[in-house]
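Report on the structure given below.
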Amino acid sequence: MKAFVKLFEDLDSTTSTLEKVSALKLYFSKTSHSDSMWAVLLLTGKLSKRVLTSRNLRDLFLIATKYPEWLLEECASQVGDTAETLSLLAQSLNLSRTFSIHSSSEEFNLSQWMDLRIPELAVIDDQEEQARILISWWKTLLSSEIFILNKLMTGAFRVGVSEKLVIRALSEHFEIPSDQVAHRLIGIKKAGAENFTKLISKDFVEVSFSQPYPFCLAHSFSDRTNLDFKPEDWCIEWKYDGIRAQVIKRNQQVWIWSRGEEDITAGFPDLAEAFKDLPEGSVIDGEILVLKNGEIQLFQDLQKRLGRKKPSAAILKTHPAGFVGYDCLEFNGVDRRQESLRARRDYLKKIISNLSLSQIKISEEQTVTGLDQLESLRSEARNHQAEGLMIKGWDSIYTVGRKTGSWWKHKVDPLSLDAVLLYAQAGTGRRANLYTDYTFALWDNDPDGGDKKLVTFAKAYSGLDQNEINKLDHWIRRNTKEKFGPVRSLEPEHVFEIAFEGISKSDRHKSGIAVRFPRILRWRHDKKVEDADTLQTALALLKSQEILS
Amino acid sequence: MKDVIVLSKNGLYCPAGDFYIDPWKPIETSFITHAHSDHARSGAQKYYTSLRGLSLFKHRLKGYANAQDAVGVPFGKKIKINEAWVSFHSAGHILGSAQLRVEVKNKVWVASGDYKRTPDPSCDPFEVVRCDAFISEATFALPIYQWESGEVTAQKIKDWWHSDRSRPSILFCYSLGKAQRVLAELKKISDETVYLHGAAVGLTDIYRAEGIDMLQTLPVSEVPKDFDFAGCLILAPPSAHRSSWMKRFKEPQTAFGSGWMQVRGARRRGGYEKGFILSDHADWNELIQTIDETGAQKIILTHGREDVLARVLREKGLEVAHFTTEYSDEEIG
C-alpha cells in the first residue's frame, strides 16, 4: 500500500494539474494492473469498500484501547475527520509503526487490502475480534498509512483529483485517446487486472453496447472571454431543470443513463416504453422531466421519481416522465460526436419526429437578434419552466467533459430572501473547527398583531469567502446563546441574502417551506435584523411559482 | 501558603521578589524566559535573562536601551531578588530559552515559559526541575499532537527538497528557533549551502557565534541578481508567503514547518503545498511526562488547549489552575 499512500500524498500536496498528472503517471508506471485498477476506481469515486461506518471504527478503537471517549471527541473536533483522528491517536498511543529512515517492512499491496483483508474484517461478527484485528493491522503501518486504511474501510476515500485528470494521466501514459479511456471507464464497475488491461488496451475493444458516451458539459456564460456575440453562430435553447440523461437504443434494447453515469432505465419504465421505437443504433442526449398533459412540472415533482428502483403504478400515473431531446450522439450506429451540432440536430429531428409521442419533445431553438434580446429571453426562463438558457455553437463538436469555448449555460438570477443567522455548526475536513454550517430564519408576522418571531427556513454552507468565514467564526464564538451538542444558537444580529433556485412546502423547517440549492449571496451589513424578509414574503414567492406551473 | 507567582494585569508577578516574568506590559524588573516576541517585550526598567540567550535577547530588542543593559545569568546560578531566590534552567524551546525557578521560604515554583523535550541540536536540552507548583504552556495539549524526531523531519525535508531539483524549494518556518534547528539537523545529512530570507540572517549569525553547528548559509539579498535558485533550499518566515519577495523565485515548491501541520485540514487551510511537522513546543506526551517528572502537586496552565489538559491532570488527582495570559497560542517567532 506504500505506493498508493505516496500517490495520495503527492496528489494532496500540490494544486498544480501538471504535477498531479505526473504523480498519477508515475504510479501507473510502477504498479501492477490490479493495483492500478483499484487506484482508478477509488480516485474517481466509482467504487469503494465501505465495511465500517466512522462510528463503527471509533467504537472499535474505544473497545481496543479503553480510551476516554471525551478525549477522543475533543481530538475529533479539532481534526474534523474520524479516520485522521484515529491515525494520529494510534501514533500517540504507540499503536503504529514508527518511521525510521531505512526501514522497509513486508507489506500488502492495495489489491490485497481491498480484495482480501478489508472484506474479511467485514464478515467478522464479534466486535472484540474486529477491534483486535484492526489494532494488529495498525501496528504494521505508519500513521499516514493508517489514515488511508481507515479511509478505505469507511469508504470515504477522497482526494483533490478529478476523474478528468485520472483519464488524462491514463491517456498520456498508455498513449490512448482520452475520450476512448473515458468511454471505457464508464463500463468498468469492478476491480481486477483484466479490467485495467481492457481500459488501457491499444486495440479497439468493443465497449459494452449499453454504455453511454461521456457527457459534454457547459461553462457559465458570464465566464466567457470572447465577448462578441453573433446570433447566427449559436443554437439557443431553454435549459430545463430536470436531470440530464442519455437514451440508448442498441441491440433492440433501450437504456437510460443519468449524468452521474448511473443506469436508471428501471426507474423510468414509462420513458423506456416511449422510446422503444427509436431506430436501432441511436444515442440521444436530453433532459428527463415530469410532463403532464404536455406541461413541464416542477423539479420537486421529478424528485418523487428519483432514487426509486421501481416506481409504483400510482406514481407513474400522477408523475409521468417525459424527455426533451437536445442532441444526437449516435445515428445509424455511427458515433457522430465529431460532427457539428447542426448536423447532429438534424439527426435528432429525424429520429424523434418519427416517434411522434406526447412524452418526447425536441428542445425548441430560440432566435434572438443580439445580446439584449438574449438577456430579455433569459429573464423569461421561469415562465417556460426553465432555469435559463443553453447557448451552443452550431459548429461545435460533442466533447468529453467541460471544455471552454463552445457550450455555455446562462442561468436566470436566483430567487433570494434576506434572512437572519440563527444557528451555526462547525464544518468538517478543511472547515473543521470553523463555524461554517449556518441556519437562517425569516420573520413570521402574527396576523393578530402579536410579536413577530423568527422561524428557520434554510441551511447554507457556501457563498462566503475565507475572510468573511473567519470573521463570522470569530463573532459566533463570542455571541453564542446556547450550545446544543455541536450546534450553537446565536444572537440574531446578522442578515444575509440567501439565494435559491426554487421554493416548496416542507415539514422539515419550522417555517413550513423549503428552498432548493440555498447559498449565501452576500452578507448584508447594511441591513438590521428587523429589515430581514418575512415568511409571508416567502409564501408569496411560493404562490407565484405555483401559478406559473 | 502564599502563592509565589500570581497573575497581574501586566503579566506573571512574584510578590516576594517584586518582579515580573515575561510581562506583556513591562514596567519594573522583568525576567525573560526567551527571546520570542510575545515573551520578550520592551518597556521594563531592568531585565534579567539567561546568559545563553542574552545576545538573542539584545538583538530582538535592539532599539531599547534598558534591554541592552540586561543581566545574563548562567543556567543554574541562584540569585537573590528581594525575598526570592531565582535561577534559570534550560527549557529546550530555542537557544537560551529558560524556565524560571523561584524559591520563596522553602516553596519552589517553576514558570516554564515555552518548552519542548524533543532533542534539538540547536539548543540545550530541557532540564527537569522538581517543584511544588509548575506553570506550563498547553499550546499543543491534545493527544493528536506527537512529534517525530528532528532527524526524521530533516530527512523528509531533504527528500522533498531533492525530489525536484529543477525548482527552488522554499521552506517557511519562523526565523528564530525553527530556521536554525532545520540548519543544524540538515548539517548531519547534507553539505549544501542554504539561502536565507533577511529576517533570519542576524539571528542565524548569533547562533553560529554561540557555537551551534549549522549548514552554510547565504542571504538571498547577497546573491547576484541573475542567480538561478533551481534546486536550492531557501528558508523564509511565514509572513513572506505570497509576498512580493517570492517573485525572484521561479515556480518554487513551498512547504511550511509547524506543529499545526500534524493535521491535514490545517495545512490545506493555510494554502501550503507541503507541511512538515516541526514544533518548538511540547507535544501531548511530553506535557504529561514533564508535569509528572516535576513532582508538582499544583499545575497552572497558560496558553493553548488548557481545558483538555486540565481535565486529564485533575483526573490524576492534581490541583489545576489557569492563568489567562497574553502569550500567543500560535507558534511565533
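The values are calculated or read from the model by the stated rules, or taken from the named source; none is laboratory data. In this text, all values refer to a predicted model and were calculated from it rather than measured experimentally. Methodologically, a virtual Cβ is constructed for each residue, glycine included, from the backbone with ideal geometry; neighbour enumeration extends over all protein chains shown. The accessibility values were calculated without ligands, DNA or RNA, using every heavy atom of the protein model including side chains. Shrake-Rupley method; radii C 1.70, N 1.55, O 1.52, S 1.80 Å.
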Going through the range B:140-164 in order, the residues found to be among the β-branched types (Val, Ile, Thr) and either facing chain A (nearest Cβ under 10 Å) or open to solvent by 10 Å² or more (accessible area, probe 1.4 Å) (or both) are B:Ile144, B:Val152, B:Thr153
Considering only the range A:182-194, state which residues are crowded, with 18+ Cβ neighbours inside 10 Å and closer than 19 Å to A:Lys30 by Cβ. A:Ala191
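Quick one: which strands (runs of 3 or more DSSP E) lie wholly within the range B:204-295 and hold at least 1 residues that are open to solvent by 30 Å² or more (accessible area, probe 1.4 Å)?
Strands (runs of 3 or more DSSP E) meeting the threshold: B:217-219, B:274-276.
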So which residues in the range A:499-533 are in contact with a Ser or Thr (Cβ under 8 Å, 6 or more places away or on another chain) and on the phi > 0 side of the Ramachandran plot, if there are any at all? A:Gly512
For residues that are within 18 Å of the chain's Cα centre (by Cα) and among the aromatic types (Phe, Trp, Tyr), scanning just the range B:49-84, find the one that is nearest to B:Asp38 (Cα to Cα). B:Phe57
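One line per residue, one yes/no per condition, for (1) out of contact with any Ser or Thr (no Cβ under 7 Å at 6 or more places or on another chain); (2) of a type in the set (Lys, Arg):
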| residue | (1), (2) |
| --- | --- |
| A:Ala3 | no, no |
| A:Leu7 | yes, no |
| A:Asp12 | yes, no |
| A:Leu18 | yes, no |
| A:Val21 | yes, no |
| A:Lys25 | yes, yes |
| A:Lys30 | yes, yes |
| A:Met37 | yes, no |
Against the condition part of a loop (DSSP other than H, G, I, E, B), modelled with pLDDT of 95 or more and crowded, with 21+ Cβ neighbours inside 10 Å, how does B:Val4 come out, does it pass? yes
Check B:Glu137, B:Glu185 and return the single one that is within 14 Å of another protein chain (Cβ to nearest Cβ) and crowded, with 21+ Cβ neighbours inside 10 Å. B:Glu185
Inside the range A:371-384, can you point out the residues that are touching a residue at least 60 places away in the same chain (Cβ under 8 Å) and open to solvent by less than 40 Å² (accessible area, probe 1.4 Å)? A:Leu374, A:Leu377, A:Ala381
Mind counting the residues in the range A:513-537 that are open to solvent by less than 30 Å² (accessible area, probe 1.4 Å) and either part of a loop (DSSP other than H, G, I, E, B) or farther than 18 Å from A:Phe299 by Cα (or both)? 6
For the list (1) open to solvent by 70 Å² or more (accessible area, probe 1.4 Å); (2) in contact (Cβ under 8 Å) with a residue 24 or more places away in the chain, I need the number of the one condition that A:Ile469 fails. (1)
Extreme residue, surrounded by the most Cβ atoms within 10 Å (Cβ to Cβ), among residues of the range A:130-157 that are part of a loop (DSSP other than H, G, I, E, B) and among the aliphatic types (A, V, I, L, M): A:Leu141
So which pairs qualify, if the first residue must be in the range A:423-448 and within 14 Å of chain B (Cβ to nearest Cβ) and surrounded by 18 or more Cβ atoms within 10 Å (Cβ to Cβ), the second must be in a strand (DSSP E or B) and modelled with pLDDT under 75, the Cβ gap must be under 9 Å, and the two must be at least 6 apart or on different chains? A:Ala426/A:Ala432
Within the range B:26-48, residues free of Cβ contacts under 8 Å to residues at least 60 places away in the same chain and either in a strand (DSSP E or B) or within 16 Å of the chain's Cα centre (by Cα) (or both) come out as B:Thr29, B:Ser30, B:Ile32, B:Ala40, B:Arg41, B:Lys46, B:Tyr47, B:Tyr48
Pairs returned, first residue in the range B:156-170 that is assigned by TED's automatic domain parsing to the domain that holds B:Ser258, second residue that is β-branched (Val, Ile, Thr) and part of a helix (DSSP H, G or I), beta-carbon separation under 7 angstrom, 6 or more apart or interchain, are B:Ile157/B:Val182
So A:Gly160, is it under 19 Å from the mean Cα position of the chain (by Cα), open to solvent by 20 Å² or more (accessible area, probe 1.4 Å), of a type in the set (Gly, Ala, Ser) and at pLDDT below 85: yes
Go through (1) in contact with a strand residue (DSSP E or B) (Cβ under 6 Å, 6 or more places away or on another chain); (2) modelled with pLDDT under 95 and name the single condition B:Ser87 misses. (2)
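Conditions tested, residue by residue: (1) among the hydrophobic types (A, V, I, L, M, F, W, C); (2) within 14 Å of another protein chain (Cβ to nearest Cβ); (3) out of contact with any Lys or Arg (no Cβ under 7 Å at 6 or more places or on another chain).
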| site | (1), (2), (3) |
| --- | --- |
| B:Glu222 | no, no, yes |
| B:Leu235 | yes, no, yes |
| B:Met246 | yes, no, yes |
| B:Ser258 | no, no, yes |
| B:Asp283 | no, yes, yes |
| B:Ile300 | yes, no, yes |
| B:His303 | no, no, yes |
| B:Glu306 | no, yes, yes |
| B:Gly317 | no, no, yes |
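Does the range A:23-37 contain at least one residue that is open to solvent by 20 Å² or more (accessible area, probe 1.4 Å) and within 14 Å of chain B (Cβ to nearest Cβ)?
Applying the first criterion (open to solvent by 20 Å² or more (accessible area, probe 1.4 Å)) to the range A:23-37 yields A:25-26, A:29-34.
Restricting the remaining residues to those that are within 14 Å of chain B (Cβ to nearest Cβ) gives A:26.
The answer is yes; a qualifying residue exists.
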Only one of A:Thr480, A:Thr537 is hydroxyl-bearing (Ser, Thr, Tyr) and modelled with pLDDT of 85 or more; which? A:Thr537
Which condition number does A:Lys483 fail, the rest of (1) outside any strand (DSSP E or B); (2) open to solvent by 50 Å² or more (accessible area, probe 1.4 Å) being met? (1)
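So that you can scan it fast, the table gives a plain yes or no per residue for (1) part of a strand (DSSP E or B); (2) within 30 Å of A:Gln373 (Cα to Cα); (3) of a type in the set (Ser, Thr, Tyr):
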| site | (1), (2), (3) |
| --- | --- |
| A:Lys392 | yes, yes, no |
| A:Lys409 | yes, yes, no |
| A:Ser416 | yes, yes, yes |
| A:Ala426 | yes, no, no |
| A:Asp437 | yes, no, no |
| A:Leu442 | yes, no, no |
| A:Gly449 | no, no, no |
| A:Thr456 | yes, no, yes |
So which of A:Ser396, A:Ser489 ends up being over 23 Å from the mean Cα position of the chain (by Cα), closer than 30 Å to A:Leu348 by Cβ and either surrounded by 17 or more Cβ atoms within 10 Å (Cβ to Cβ) or touching a residue at least 60 places away in the same chain (Cβ under 8 Å) (or both)? A:Ser396
Restricting the range A:85-99 to residues that are modelled with pLDDT of 95 or more and either facing chain B (nearest Cβ under 8 Å) or touching a Pro at 6+ places or on another chain (Cβ under 7 Å) (or both), which is surrounded by the most Cβ atoms within 10 Å (Cβ to Cβ)? A:Thr85
Residues of the range B:123-134 that turn out to be surrounded by fewer than 24 Cβ atoms within 10 Å (Cβ to Cβ) and not in a loop (DSSP other than H, G, I, E, B), as a count: 1
With the first residue restricted to the range B:248-264 and required to be of a type in the set (Asp, Glu), and the second required to be assigned to a loop (DSSP other than H, G, I, E, B) and modelled with pLDDT of 90 or more, Cβ contacts under 6 Å at 6 or more apart or on different chains are B:Glu251/B:Arg167
